[in-house]
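Worksheet: one structure, shown below.
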Amino acid sequence: MQKLIIKGRRELSGKISISGSKNATLPILAASILSNQVKIKNVPLVKDIFTMVELLNFIGLKAKIIKKKNTIEIKNREKNINTLAPYKLVKTMRAGVLVLGSLLTKYRKAKVSLPGGCAIGTRPVDLHLFALKKLGAKIKIKDGYILAQAKNGLKGAVIKFPSISVGATENALLAAFKAKGKTILKNCAIEPEIKDLIKFLKNLGANIFLKGRTISISESKIKTTKITHHVIFDRIELGTYMIASALLAKKNLTIDKIDPKIIKSELNILKKIGVQIEQKKNSIIIKRAKKLKKINILTKPYPGFPTDLQAQLMVILTQAKGISRIKENIFENRFMHVPELKRMGAQIQIKDKTAIIKGPTKLTGAEVMATDLRASVSLVLAGLIAENRTIINRIYHLDRGYEFLERKLKKCKAIIKRV
Ligand code: UD1
């Protein structure tokens, strides 16, 4: 099994370019089932994307990754279509469940494996099924699979989500595309990745309108001509490197291929704790922070502070003076990085949903274990600032979502290697 070895306390200098967003690419790939021909650019070359492409090919589409161009080309010749998403593919990547909405729209039936729980929480799909049922789908659960059918097609409806879910909003959007009449989705997730999906669907012919947390969709016709989409940048990767830069930049570090307008809450939080950030149109410059201040925050759906940056923020707060608190509001078990950070010297206590972080503390290298995608990268950040050597085990989690992590860090003079 591969490990990462990091020699800490190296100053970083240079520039980091941010990749395309994994969480935007995945639903767009699921949406491409609706089309005949698409080209998706700025795709990150990470494991979850490869798995989704495998799933599309399993379904019968012809999906090809052109690695040199970070592009995926997909054709649907409508031959030998399998409306099935098998367990072996969905279990490693929950977003596989998003093909449900597209398959129902296009083929009026689908059999999709239940994704099951994962390390950070139980992560049910009841909200996805709630929306699909409201649109008229008949749904049964059998042998670990969701069996969905809409013999006469789906019908528009007014649906208010009882709580906000990114995946359920995406699945509902995909299912509502051709639903008869009009669909109004209320209390939706409005993450930038959802807006990117809406952009893709509009390009594909959808009549979609977003206002606040309400999305209206009128019955739409799918374009048969080829469409091209450029995926939005990965705001979580950006947040991760902003934190690395604030902690370790020799003087400052430039991060480009981004849009600072999209990450207002992240910028506000970092500024509040004392990070100096210069914003440009498509880049930002982060200065090494001299004094970091404590903060109390809670994770929330967008535009709030993202749960996907909670573990990374915790690392920078170990270096802030005073007692900081982070309340994890989205997932019930997302503090698995805490015992590992404590082994490196961090002083963190968990009380219910809140992590209490005392700083500043000197971190020292240790052998640690990655438990999920974002927890893994928080250990990389901790390793970069720790004294001596840190060894991170189970880094396959990192490969699910961070494109060229070592290459990007090495280019900025970090000492990090994979063995
Ligand atoms: C997406 C992101 C993930 C991020 C999360 C929250 C992708 C591929 N993944 O995951 O990186 O951490 O949003 O920003 O985009 N829930 C239910 N029932 C459901 C669906 C969700 O109770 O049917 C709960 C979840 O358990 C969780 C909360 O709702 O507590 C939010 O989950 P959701 O927004 O659906 O996350 P994902 O779409 O799975």
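The values are calculated or read from the model by the stated rules, or taken from the named source; none is laboratory data. None of these values were measured; they are calculated from a predicted model. With ideal geometry, Cβ positions are generated from the backbone for all residues, glycine too; neighbour counts draw on all protein chains shown. Surface areas here come from the heavy atoms of the whole protein model, side chains and all, with no ligands, DNA or RNA. Shrake-Rupley method; radii C 1.70, N 1.55, O 1.52, S 1.80 Å.
Structure data summary
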quantity: Selected residue (criterion: least open to solvent (accessible area, probe 1.4 Å)) from residues of the stretch 339-384 that are over 17 Å from G8 (Cβ atoms) and basic (K, R); calculated: R374
quantity: Options E73, E11; residue that is farther than 30 Å from E332 by Cα and free of Cβ contacts under 8 Å to residues at least 40 places away in the same chain; calculated: E73
quantity: Filter result for V158 (surrounded by fewer than 24 Cβ atoms within 10 Å (Cβ to Cβ) and under 25 Å from G304 (Cβ atoms)); calculated: no
quantity: Residue count, the stretch 155-177 (criterion: farther than 27 Å from Y302 by Cβ and either within 11 Å of the ligand (Cβ to nearest atom) or in contact with a helix residue (DSSP H, G or I) (Cβ under 7 Å, 6 or more places away or on another chain) (or both)); calculated: 0
quantity: In the stretch 178-191, the residues that are open to solvent by less than 10 Å² (accessible area, probe 1.4 Å) and either within 11 Å of the ligand (Cβ to nearest atom) or of a type outside the set (S, T, Y) (or both); calculated: A179, L185, C188, A189
quantity: Enumeration of residues in the stretch 138-154 that are part of a loop (DSSP other than H, G, I, E, B), open to solvent by less than 100 Å² (accessible area, probe 1.4 Å) and either closer than 13 Å to A110 by Cβ or not assigned by TED's automatic domain parsing to the domain that holds H128 (or both); calculated: A150, L154
quantity: Lone qualifier among A85, A95, A63 - being in contact (Cβ under 8 Å) with a residue 40 or more places away in the chain and at negative phi; calculated: A95
quantity: Flag for N57 being open to solvent by 10 Å² or more (accessible area, probe 1.4 Å) and more than 16 Å from the ligand (Cβ to nearest atom); calculated: yes
quantity: Strands (runs of 3 or more DSSP E) contained entirely in the stretch 252-332, each with at least 1 residues that are under 21 Å from the mean Cα position of the chain (by Cα), within 24 Å of L384 (Cβ to Cβ) and not aliphatic (A, V, I, L, M); calculated: 283-287
quantity: Residue match in the stretch 221-236 (condition: more than 16 Å from the ligand (Cβ to nearest atom), buried (at least 24 other Cβ atoms within 10 Å of the Cβ) and in a loop (DSSP other than H, G, I, E, B)); calculated: no
quantity: Residue count, the stretch 270-311 (criterion: touching a strand residue (DSSP E or B) at 6+ places or on another chain (Cβ under 7 Å), open to solvent by less than 30 Å² (accessible area, probe 1.4 Å) and within 16 Å of the ligand (Cβ to nearest atom)); calculated: 6
quantity: Pairs with Cβ under 6 Å, 6+ apart, first in the stretch 120-139 and in contact (Cβ under 8 Å) with a residue 12 or more places away in the chain, second near the ligand (Cβ under 6 Å from one of its atoms); calculated: I120/F331; G121/F331; L127/S165; L127/A168; H128/A168; A131/A168
quantity: Qualifying residue in the stretch 31-39 (condition: within 17 Å of the chain's Cα centre (by Cα) and either surrounded by fewer than 18 Cβ atoms within 10 Å (Cβ to Cβ) or within 15 Å of the ligand (Cβ to nearest atom) (or both)); calculated: yes
quantity: Only listed residue being surrounded by 19 or more Cβ atoms within 10 Å (Cβ to Cβ), under 26 Å from F331 (Cβ atoms), under 19 Å from the mean Cα position of the chain (by Cα) and not assigned by TED's automatic domain parsing to the domain that holds L373, chosen from P124, P115; calculated: P115
